Amino acid sequence: MARILCIETSTKVCSVCVAEGDAVLALAEDNEDEYTHAEKLNVLIAKVLEESDLKFKDLSAIAVSEGPGSYTGLRIGVSAAKGFAVALDIPIIAVNTLKAMSAGVGDKNQDSLLIPMIDARRMEVFCAGFTGDLQPAFETRAEILSSESFPEAKAFTKVLFFGNGAEKCRGVLEPLGFEYFPDVSASANGMAKLANEKFKESDFVDTAYFEPFYLKDFVAGKPKAS
Amino acid sequence: MSKIIQVHDPLKSNSDILILGIESSCDDTSAAVIKNDKILANITAGQDVHKLYGGVVPELASRAHQKHIVPVVSQALAQANISAGDLDAIAYTRGPGLLGSLLVGSSFAKSMAQALGIPAIPVHHMKAHVLAHFIDSHLPVPPFPFLNLTVSGGHTQIIKVSDPFTFDVIGQTLDDAAGEAFDKSAKLLGLPYPGGPEIDRQAKSGDKNRFTFTKPKVEGLSFSFSGLKTNFRNFVEKETRRNADFKRDNMADLCASIQHTIVEMLMERLVEAAALTGIKHVAIAGGVSANSYLRTQLVAVADKYGWQTYIPPFEYCTDNGAMIAIAGYFEFQNKERDTSLSTSATARWEM
């Protein structure tokens, strides 16, 4: 069975786990108010390997949460994944952050609409829509929250908003039938099953040229006059 | 080279030390493999994307590092004809520099080392520039203590180097770096980024005494280039109002004159520092030490004052993995080195 190290750094939560098949053997998370991924990531990884009684050479692949999310967090997670993959000569699996969050929620009802959301700046969130059985309902997008947001929700009997962007929805969106779970955070725990599925299909990314899912192109300001 | 090892505890083992050095502090992604003090490979990927903006855009630099890091490291290992498993340690630039850029190299290096079960060695970028002198290049190596003038796009420092771990900054810039003065002057003249090398090229056919610019007065061994920049801009703008083609008609002389002024400011301070410390072994490092006029002026000043001078080969002057690798080689032998997994990149880091 595949043993996969899962790395989730797309939000303030620094989360890692070792999975064997679909089962999580050990999970370690650090949820601080500030970004501490650069300090914590390698320490937490040493911890989960020790707890699962595995060595680096026992790993079959590295799974990394690809985003969308914090550019800095993703940069650390993806760079680390590349370092492990090069050292161990094993492949990298990219898991969509929002899908992994939905997998972690555990509402399997296909009549439910899951909307994971990551806080971007101001009234913006990075979000996507999945049915309870994790089929895509709408594509990943950057949404500026307003009462017009999420017309897709009308077709579902139950709508769950979750992730650290969900808090901003209260009061802005029509409250009808919506449920908010802002405390649900991105976790490596939700990545394990998705990563294992991808491993079985040999759905790997190019270790050299893989980049995080930035969602938005970076547009630099006009050059300053000197 | 035994003289390096004598500085610190000699290694008991007679086996060679293989270190991978990774540099990503600004806009060059570079990886080098060093065997003791001999470079086996030194691979650098630059980033053309910033030319559009006339300067480094941090977010774009970080994204480019993400795409370059694996190809650069793989190529360095292949050229050195070793595999990752042969390495004894991985040295990486911890800082100072652009945080996003540093995070790519440091996260990669720490993780690669962790998986290989070898030390990850954090290296100070500015110390590495100085330690580049100790890469075996069949050139004389400065004896301790020596003075080092580090001049680059981000830094201007005179450092007294007492041993591979003891660096005293005895003079530095209060505002712009010397390299910035070159680049900003070039930009004002409409030369392409990075403008320093372009000024050097144009100046070769110019008269350095044609124009004079006011050198800012600062105390002690400090530098200031921001006033010079303003002085230069005001002068060029004033003349351009009288003659729209002023820049074009006087390009070579303008380049030679501003270059002469900047280099003269550097040399004056270096002479003072040498007199103050009584040290006659004087070295230069950093990207601007590739400047041909700075090199010839250093030799001329050295002749006058009886100094021995040390200039690293060009490929070890600009940002490069080789200097990180040699710094890692020294640090590897330091029993008190930092071995924590939680050491992370830092944009600011005191010498």
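The values are calculated or read from the model by the stated rules, or taken from the named source; none is laboratory data. Bear in mind that the values here come from a model prediction, so they are computed numbers and not experimental data. Positions of Cβ are backbone-derived with ideal geometry, glycine not excepted, and every protein chain shown enters the neighbour counts. Quick note on the areas: whole protein, heavy atoms, side chains included, nothing else; ligands and nucleic acids left out. Shrake-Rupley method; radii C 1.70, N 1.55, O 1.52, S 1.80 Å.
Peptide A:83-95 has a mean of 5 when you count, residue by residue, the C-beta atoms of other protein chains within 10 Å of its C-beta. The mean of 1/r over all pairs of different alpha-carbon atoms in the stretch B:16-67, once inverted, gives a Kirkwood hydrodynamic radius of 12.1 Å.
Across the stretch B:101-201, the volume of the C-alpha convex hull divided among the residues equals 156 Å³ per residue.
Summarising the strand pairing of the protein assembly as shown, around 60 percent of its internal DSSP beta bridges are antiparallel.
Surface composition of the protein assembly as shown: carbon plus sulfur atoms contribute 49% of the solvent-accessible area (1.4 Å probe, protein chains only, all chains present).
Summing +1 for each Lys or Arg and -1 for each Asp or Glu among the other residues whose beta-carbon sits under 12 angstrom from that of A:Lys200 gives -2.
Here the simple spin-label model places points 7 Å from the Cα toward Cβ, and for A:Lys55 and B:Glu268 these points are separated by 6.3 nm.
Averaging the Cα positions of each part gives two centres, and for the stretch B:255-314 and the stretch B:324-348 these lie 30 Å apart. Taking K and R as +1 and D and E as -1, what net charge do the other residues with C-beta under 11 Å from the C-beta of B:Lys208 add up to? Result for the local shell: -1. The stretch A:107-181 gives an Rg/Rh value of 0.92, both radii derived from C-alpha positions and Rh following Kirkwood. Electrostatic tally near B:Leu254: other residues with Cβ closer than 14 Å to its Cβ, Lys and Arg +1, Asp and Glu -1, net +3. In the context of the full set of protein chains, the stretch B:17-109 has a per residue accessible area of 29 Å² (1.4 Å probe).
Once you divide the Cα radius of gyration of the stretch B:153-258 by 2.2 N^0.38 Å, the number left is 1.22. Only bridges with both residues in chain A count here: give the DSSP antiparallel percent, nearest 5. About 60 percent, rounded to the nearest 5. Any idea what angle helix B:321-332 forms with the longest principal axis of chain B, computed on alpha-carbon atoms, 0 to 90 degrees, nearest 10? So the inclination is approximately 50 degrees. Highest mean packing first, where packing is the average number of other Cβ atoms within 10 Å per residue, the peptides B:76-83, A:79-86, A:29-36 line up as A:79-86, B:76-83, A:29-36.
When each of the peptides B:57-63, B:175-181 is scored by the mean number of other C-beta atoms lying within 10 Å of its residues, the order from highest to lowest reads B:175-181, B:57-63. Between chain A and chain B, roughly 2900 Å² of accessible surface gets buried, counting both sides and using a 1.4 Å probe.
Longer than 19 Å from Cα to Cα, which of B:Lys38/B:Lys67; B:Lys208/B:Lys229; A:Lys40/A:Lys198 are they? Say none if no pair is. Exceeds cut-off: B:Lys38/B:Lys67; A:Lys40/A:Lys198. Relative to the 2.2 N^0.38 Å rule of thumb, chain B has a C-alpha radius of gyration ratio of 1.01. The protein assembly as shown has equivalent-ellipsoid semi-axes of 49, 31, 17 Å, by the square roots of 5 times the alpha carbon gyration tensor eigenvalues, sorted largest first.
Residues of the stretch B:322-351 that lose at least 40 Å² of accessible area (1.4 Å probe, protein heavy atoms only) when the other protein chains are present, relative to their chain alone, are B:Leu341, B:Ser342, B:Ser344.
Residue by residue along B:94-107, Cβ atoms of other protein chains within 10 Å of the local Cβ number 3 on average. Of the residues B:Pro142, B:Pro216, B:Pro164, the one that moves most in a GNM of chain B with alpha-carbon contacts below 10 Å is B:Pro216. Can you give me the angle between helix B:246-277 and the longest principal axis of chain B, using Cα atoms only, in degrees from 0 to 90, rounded to the nearest 10? Roughly 60 degrees between the two axes. Based on protein heavy atoms only, the stretch A:95-226 ends up with 53 Å² per residue of surface accessible to a 1.4 Å probe.
Expressed in Å, the radius of gyration and Dmax of the Cα atoms of the stretch B:68-117 are 11.4, 32.
When only Cα pairs below 8 angstrom with a gap of at least 6 residues are kept, chain B shows a relative contact order of 25 percent.
In degrees between 0 and 90, to the nearest 10, how far off the longest principal axis of chain B does helix B:292-305 point, with axes built from Cα atoms? Helix B:292-305 and the main axis of chain B meet at about 90 degrees.
Counting, for every residue in A:67-80, the Cβ atoms of other protein chains within 10 Å of its Cβ and taking the mean gives 5.
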